[in-house]
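Undergrad: Input: one structure, supplied below.
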Amino acid sequence: MSLKALDYDSLNENVKNCQYAVRGELYLRASELQKEGKKIIFTNVGNPHALGQKPLTFPRQVVALCQAPFLLDDPNVGMIFPADAIARAKHYLSLTSGGLGAYSDSRGLPGVRKEVAEFIERRDGYPSDPELIFLTDGASKGVMQILNCVIRGQKDGILVPVPQYPLYSATISLLGGTLVPYYLEESENWGLDVNNLRQSVAQARSQGITVRAMVIINPGNPTGQCLSEANLREILRFCCNERLVLLGDEVYQQNIYQDERPFISSKKVLMDMGAPISKEVQLISFHTVSKGYWGECGQRGGYFEMTNIPPKTVEEIYKVASIALSPNVSAQIFMGLMVSPPKPGDISYDQFVRESKGILESLRRRARMMTDGFNSCKNVVCNFTEGAMYSFPQIKLPPKAIQAAKQAGKVPDVFYCLKLLEATGISTVPGSGFGQKEGVFHLRTTILPAEEEMPEIMDSFKKFNDEFMSQYGVGYSRM
Amino acid sequence: MRRFLIGQARKGLVDHTTRRQHHQTRSFLSLLPPSFSTNSPRAAPLVSLSRFMSSTSDMAASSDSTSSLPVTLDSINPKVLKCEYAVRGEIVNIAQKLQEDLKSNKDAYPFDEIIYCNIGNPQSLGQLPIRFFREVLALCDHSSLLDETETHGLFSTDSIDRAWKILDQIPGRATGAYSHSQGIKGLRDTIAAGIEARDGFPADPNDIFLTDGASPAVHMMMQLVLSSEKDGILCPIPQYPLYSASITLHGGSLVPYYLDEATGWGLEISDLKKQLEEARSKGITVRALVVINPGNPTGQVLAEENQRDIVNFCKQEGLVLLADEVYQENLYVPDKKFHSFKKFARSLGYGEKDMSLVSFQSVSKGYYGECGKRGGYMEVTGFTPDVREQIYKMASVNLCSNISGQILASLVMSPPKPGDDSYDSYMVERDGILSSMAKRAKTLEEALNNLEGVTCNRAEGAMYLFPRISLPQKAIEAAEAEKTAPDAFYCKRLLNATGVVVVPGSGFGQVPGTWHFRCTILPQEDKIPAIVDRLTAFHKSFMDEFRD
């Protein structure tokens, strides 16, 4: 006779509408198979340490010492920790009030925010204000905080690249806003055409949507492209004309695998453009300790920097951050270490450089192996992974495969990815989770499996794909 | 051709606009800032926070000068503008400015340091971490230490064993990897075993969601159940403002029930029932009831009878019971013990199918006080699989909570046992902290009760005292002249005179016409006498100035 407390129908519609494919059906099936004892290669999430990448030694030493500050008083501490790690631990502890166990300022430790500002200044050649930098529990939390501030309801639209990282679509759904897609051009190496943008905005406006912000992911996720300076200028000018806040997801800024287009921050391009535009475009850029050669995903550390956001609005963002009390302090210290790594002459410098270069160079080779591998497969084409951690090959599915998928009640690329998983243990994310043009199918893999395993993985992919394509008959292909 | 493709694919993404047409009216309603100006006298008393929440905000009037920019105060989410969080609000901002100024301007103030009694942040006030916990965390963070022989001289044997055990529970021993979105399975097993040992009823590791502190877990549940202003949450008044802020941010309505100060902040089921019915008569669907035990800011430990009544009430009325149990280790009086709500539900014979219950726990409180780690969990029971799936999905958008917080959450639920290398020193640290907290609570409570016009219930648990101050009419008028809530006026005066930071009762809600403040019991023992002296002297001079 008691009433039902909570049933599915009564849940917040925004929650039900939200989709997050990176940990969706494929991931769950892969976890099941793993439980059954099958070897699974998780290439669904950019999670380098899970695939065997070793953490950089120096930051782990510093954070371990901050965890156990009593070691610093032990005369034997020097036997297992280098002097520069000990000095650095003391430095970071001095920036806290109460070590790792106390809530910090809700925006993050002032001393670490200052180090972040100095890093941005060195990187861009323009001043950065620590008061406009907020540390967060990973970049995702930062994106959610900002979108929560921007989105008032269904009539507010956010321009998001398609294909996109589903954090954006999921968060926009959760907050009840509207995602306004703009398409990246696969044939132009996932470049961005401003005319396309204009069209997307016009179309959204004709539906009564107020477009308020634009997201760019540079280097791209899942698409792996690096935006050129010229492209960034166009984007900034566009945001200025259309009065959009630019959200620059720049978490892959260390992950660059070619030399023609090094990473250039949106902030630097904006400042280079000078007044009045440098004072008119509102920009929020995001960074993290989860990517780069750090790959410290489990720490949940990140920051965002605000440009041209008025002080009273910053205060409101601060207020919302304060409800969550503070980001976790050990990740704040990781962030400090990431933006101020060991310097030449420090005891740990050589080891740090050796480790970080080793990781980056290997990633560069793996990016090449993977895209070459995909391009050698029947009915698969893949743009080169210029940056970030992903390959996003297009799979030209034969009509018979599409038919079979329909019969199985699956989206065609989900069908393909499930088959791939069952046959090879490779756990990928179907392109439909990121958005793609109608009738075109992709999958996303990370380039993170260990380098020595890469040839075998690409071989087993190729073998599976060959069998799949012959089973479903390679005939007419639309593209 | 391209146009067509775009139109098609668009459908998949913006399509929910059309699919949700039938919800439009509702979502638009919630868009209108309901009582944007917090001093609207006609706001429905039941759901308007302004009646018991702080009224110091003047944000409605202010706006950014740079209004040509896309994102300004005029155009941000009104729910963001509306929410308030007094624990880190105006008074704390003033305190931070004073602290800065103290560095260069020492002589200008009658005190030499700011003492933060506004927030339960024990380690910022000098409480030391439990060594065993930190040893394990350090070893997990830098696991190559485990291969060094010297490590055995620096770390306890059981911390080394525990670190190995935990690393073996983590796939690839990768503490730098994202984990399962609910948290590392092995750690959830440990936590479930800890809950089982505590309650004497089974706990399922699949019911545990590890989170970055308890607050994100509360947000998640609010987001799940609140669709609009028509959805209500029963909240105790006074309450911890996380709840009011979270309800505001998610666009729901707070339905208050009053704790009775005269009976040591107990509650009457008849009052709960009355509030529930009143809300229902206004068209509000009450979805859940929040209970904080031990209480924040009120410090009471609920009577067992009260707990049983609440469980029965939620069961009968079909409410989700959201049990904030983060202070479960903080008990200071011999006549009270902590019992979880789940234990009561199960002992009343209510199982998984009978009621929905969520219990929140945190590493920030207890004797451990590890606020900076942002570790916590919620135990979610009595939800159907399709609802559970939605909770999992929400957790997965944020990928996972931080790993060292996860490890610590497992450690606080399974601390050293008799016979372990660290057991004796662990017990000394733990009991030292808890008995000192009890002593500090007692001293402060007695001091407060000695002040003219101040009455203070004992702190039976948690970390706070919530004294009631009878403010003279003249003080109330002076506050009104400054457009400040009278208790905020008192707290600002206190800060400026003594450097002690407390939070006005209006930030938590209180019976209209009564005034309180919240003060933590956390300053270190050697500072307590000075705090008492300063507080006493301040209060006397305040009363001398304003006494009617």
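Undergrad: Apply the membrane-span-like helix rule to chain A: whole DSSP H runs, Cα extent along the own long axis of at least 30 Å, mean Kyte-Doolittle hydropathy at least 1.6. List the helices found.
TA: Within chain A not a single helix satisfies the rule.
Undergrad: What is the distance, in nm, between label points placed 7 Å from the Cα along the Cα-to-Cβ direction at A:ALA87 and at B:ASP147?
TA: Taking the simple label geometry, A:ALA87 and B:ASP147 are separated by 2.7 nm.
Undergrad: P(r) for region B:177-412, please, calculated from all Cα pair distances in 5 Å bins and given in %.
TA: P(r) for region B:177-412, in whole percents per bin: 1, 7, 15, 19, 21, 18, 12, 5, 2, 0, 0.
Undergrad: If I model region B:276-384 as equal point scatterers sitting on the Cα atoms and use the Debye formula, what is log10 I(q)/I(0) at q = 0.13, 0.23 Å⁻¹?
TA: Computed log10 I(q)/I(0) values: -0.53, -1.28.
Undergrad: Considering Cα pairs under 8 angstrom that are at least six residues apart, work out the relative contact order of region B:220-365 and quote it in whole percent. Could you put the intermediate results ahead of the total?
TA: Numbers: 234 pairs, mean separation 30.4, N = 146.
Relative contact order here is 21 percent.
Undergrad: Could you give the length gained by full extension between A:ASP272 and A:ALA408, i.e. 0.36 nm per residue of separation minus their alpha carbon distance, to one decimal place? Walk me through the intermediate numbers first.
TA: Details: separation 136, 0.36 × 136 = 48.96 nm, distance 5.36 nm.
43.6 nm is the gain from fully extending A:ASP272 to A:ALA408.
Undergrad: Also, quick follow-up: Taking the Cα centre of chain A as origin and charging only Cβ (+1 Lys, Arg; -1 Asp, Glu), how large is the dipole, in debye to the nearest 20?
TA: On the way: 51 positive and 51 negative charges, 174 e Å.
So the magnitude is around 840 debye.
Undergrad: Among A:LEU179, A:PRO311, A:THR385, whose Cα lies farthest out toward the positive end of the dipole of the protein assembly as shown, if unit charges sit on the beta carbon of Lys, Arg (+1) and Asp, Glu (-1)?
TA: A:LEU179
Undergrad: Now a separate question. Sort the following peptides by mean Cβ neighbour count (other Cβ atoms within 10 Å, averaged over residues), highest first: B:352-363, B:198-209.
TA: On the way: B:352-363: 23.3, B:198-209: 17.8.
Ranking, from highest mean packing down: B:352-363, B:198-209.
Undergrad: OK, next. Evaluate E = 1/(1 + (r/R0)^6) for B:THR536 and B:LYS439, where r is the Cβ-Cβ distance and R0 equals 22 Å; express this FRET efficiency to the nearest 0.05.
TA: On the way: r = 18 Å, r/R0 = 0.84.
Step by step, r from the Cβ atoms, then E = 0.75.
Undergrad: How far apart, in nm, are two points set 7 Å out from the Cα along the Cα-to-Cβ line at B:ASN496 and at B:GLU545?
TA: 0.6 nm
Undergrad: Cα-based Rg of region A:10-119 per 2.2 N^0.38 Å, rounded to two decimals?
TA: On the way: Rg = 20.9 Å, N = 110, 2.2 N^0.38 = 13.1 Å.
Taking the Cα Rg and dividing by 2.2 N^0.38 Å, one obtains 1.59.
Undergrad: Continuing with the same structure: What is the sum of charges, Lys and Arg at +1 and Asp and Glu at -1, for the other residues whose Cβ falls under 11 Å from the Cβ of A:LYS357?
TA: Numbers: positive: A:ARG354, A:ARG364; negative: A:ASP350, A:GLU355, A:GLU361.
Once positives and negatives cancel, what remains is -1.
Undergrad: For the cross-link pairs A:LYS39/A:LYS396; A:LYS114/B:LYS393; A:LYS54/A:LYS343; A:LYS35/A:LYS419, which exceed 25 Å when the distance is taken from alpha carbon to alpha carbon?
TA: Working: A:LYS39/A:LYS396 27 Å; A:LYS114/B:LYS393 36 Å; A:LYS54/A:LYS343 21 Å; A:LYS35/A:LYS419 18 Å.
Long pairs (Cα-Cα over 25 Å): A:LYS39/A:LYS396; A:LYS114/B:LYS393.
Undergrad: Go through A:236-247, A:251-262 and give me the packing order, highest mean Cβ count within 10 Å leading. Could the numbers behind the result be given before it?
TA: Working: A:236-247: 20.9, A:251-262: 18.5.
Packing proxy ranking, top to bottom: A:236-247, A:251-262.
Undergrad: Now, a different point. Could you work out the local net charge near B:ALA478, counting Lys and Arg as +1, Asp and Glu as -1, over the other residues with Cβ closer than 10 Å to its Cβ? Display every interim value, and only then the final one.
TA: Details: positive: B:LYS474, B:ARG493; negative: B:GLU477, B:GLU480, B:GLU482, B:GLU545.
Net of charged neighbours comes to -2.
Undergrad: Roughly how much accessible area, to the nearest 100 Å², goes out of reach of solvent when A and B pair up, both sides summed, probe 1.4 Å? Could the numbers behind the result be given before it?
TA: Details: alone 21110 and 24680 Å², together 36080 Å².
For chain A against chain B, roughly 9700 Å² becomes buried.
Undergrad: Run the simple label-point estimate for A:SER94 and A:LYS38 please: 7 Å along Cα→C-beta, distance reported in nm.
TA: Distance between label points: 5.6 nm.
Undergrad: Could you work out the Rg to Rh ratio of region A:165-255, with Rh taken as the Kirkwood radius (inverse of the mean 1/r over all Cα pairs)? Display every interim value, and only then the final one.
TA: On the way: Rg = 13.1 Å, Rh = 13.8 Å.
Reported Rg/Rh, Kirkwood definition of Rh: 0.94.
Undergrad: Could you put A:TYR20, A:TYR126, A:TYR165 in order of accessible surface area, largest first, with the 1.4 Å probe and the full protein assembly present? Before the final figure, lay out the partial values.
TA: Working: A:TYR20 10, A:TYR126 60, A:TYR165 30 Å².
Ranked from most to least accessible, the order is A:TYR126, A:TYR165, A:TYR20.
Undergrad: Would you work out which of B:SER215, B:LEU357, B:GLN275 lies farthest towards the positive end of the dipole of region B:177-412, given +1 charges on the beta-carbon of Lys and Arg and -1 on that of Asp and Glu, about the Cα centre?
TA: Of the listed residues, the answer is B:SER215.
Undergrad: With the Cα gyration tensor of the protein assembly as shown in hand, give its eigenvalues times 5 under a square root as the equivalent ellipsoid semi-axes, listed largest first in whole angstrom. Could the numbers behind the result be given before it?
TA: On the way: eigenvalues 413, 214, 175 Å².
Sorted largest first and rounded, they come to 45, 33, 30 Å.
Undergrad: Under a 1.4 Å probe, what is the accessible area of the protein assembly as shown per residue, stated in Å²?
TA: Numbers: 36080 Å² over 1027 residues.
Roughly 35 Å² per residue, with all protein chains present.
Undergrad: Let me spell out the model: positive unit charges on the Cβ of Lys and Arg, negative unit charges on the Cβ of Asp and Glu, origin at the Cα centre of region B:177-412. What dipole size does that give, in debye rounded to 20?
TA: Details: 22 positive and 28 negative charges, 79 e Å.
Approximately 380 debye in magnitude.
Undergrad: Among the lysines, which have Cα under 16 Å from the Cα of A:LYS279 when same-chain residues fewer than 8 positions away are ignored?
TA: A:LYS267, A:LYS268
Undergrad: Please compute the contact order of chain A in relative form: average sequence separation of alpha-carbon pairs under 8 Å and at least six residues apart, divided by the residue count, as a percent.
TA: Details: 853 pairs, mean separation 100.1, N = 479.
Normalised by residue count, the contact order of chain A is 21 percent.
Undergrad: Given charges of +1 on the Cβ of Lys and Arg and -1 on the Cβ of Asp and Glu, with all other atoms neutral, how large is the dipole of the protein assembly as shown about its Cα centre, in debye to the nearest 20? Could the numbers behind the result be given before it?
TA: Details: 109 positive and 117 negative charges, 603 e Å.
With Lys and Arg at +1 and Asp and Glu at -1, about 2900 debye.
Undergrad: Measure of size requested: the Rg and Dmax of region B:209-287, with Cα atoms as the atom set and Å as the unit; please supply both.
TA: Cα radius of gyration and Dmax of region B:209-287 are 13.4, 37 Å respectively.
Undergrad: Quantify how strongly other chains surround peptide A:294-306 by giving the mean number of their Cβ atoms within 10 Å of each of its Cβ atoms. If you can, show how the numbers build up before the last one.
TA: On the way: counts 1, 3, 4, 9, 16, 7, 11, 1, 0, 0, 0, 0, 1.
Mean number of neighbouring Cβ atoms from other chains: 4.
Undergrad: Show log10 I(q)/I(0) for region A:382-479 at q = 0.10, 0.18, 0.23 Å⁻¹, two decimals, from a solvent-free Debye sum over equal Cα scatterers.
TA: Relative scattering, expressed as log10 I(q)/I(0), comes to -0.26, -0.87, -1.38.
Undergrad: Related question: Determine the shape class of chain B: with a ≥ b ≥ c the square roots of the Cα gyration tensor eigenvalues, call it rounded for a/c under 1.5, and otherwise prolate if a/b is greater than b/c, oblate otherwise. Present the calculation step by step, with values, prior to reporting the outcome.
TA: Details: a/c = 1.43, a/b = 1.05, b/c = 1.36.
Since a/c stays below 1.5, the shape of chain B is classed as rounded.
Undergrad: If you add up the charges near A:ASN148, with Lys and Arg at +1 and Asp and Glu at -1, over every other residue whose beta carbon is less than 12 angstrom from its beta carbon, what do you get?
TA: Values: positive: A:LYS141, A:ARG152, A:LYS319, B:LYS79; negative: A:ASP156, A:GLU316.
Once positives and negatives cancel, what remains is +2.
Undergrad: When you look at the Cβ of every residue in B:217-228, what mean number of other chain Cβ atoms sits within 10 Å? Walk me through the intermediate numbers first.
TA: Values: counts 0, 1, 2, 1, 1, 1, 7, 7, 6, 4, 7, 2.
The mean count of partner-chain Cβ atoms within 10 Å per residue comes to 3.
Undergrad: Take peptide A:98-111, look around each residue's Cβ out to 10 angstrom, count Cβ atoms belonging to other protein chains, and average those counts.
TA: Values: counts 12, 7, 9, 19, 15, 12, 4, 2, 3, 0, 0, 1, 0, 0.
Mean partner shielding for this stretch: 6.
Undergrad: In region A:395-437, if the dipole is taken from +1 on Lys/Arg beta carbons and -1 on Asp/Glu beta carbons about the Cα centre, which of A:PRO399, A:SER432, A:VAL414 is farthest to the positive end?
TA: Result: A:PRO399.
Undergrad: Starting from the eigenvalues of the Cα gyration tensor, five times each then square-rooted, give me the equivalent ellipsoid semi-axes of chain A, largest first, whole Å. Before the final figure, lay out each step's value.
TA: Numbers: eigenvalues 262, 169, 108 Å².
In descending order the semi-axes read 36, 29, 23 Å.
Undergrad: Measure out, as a whole number of angstrom, how far apart the alpha-carbon centroids of region B:141-212 and region A:407-426 sit.
TA: Here the two parts' Cα centres lie 34 Å apart.
The values are calculated or read from the model by the stated rules, or taken from the named source; none is laboratory data. Just so we're clear, the structure is a prediction, and the values are computed from it rather than from any experiment. Ideal geometry is used to build each Cβ from the backbone, glycine not excepted, and the neighbour counts take in all protein chains shown. For accessibility, only protein heavy atoms count, side chains too; no ligands or nucleic acids. Shrake-Rupley method; radii C 1.70, N 1.55, O 1.52, S 1.80 Å.
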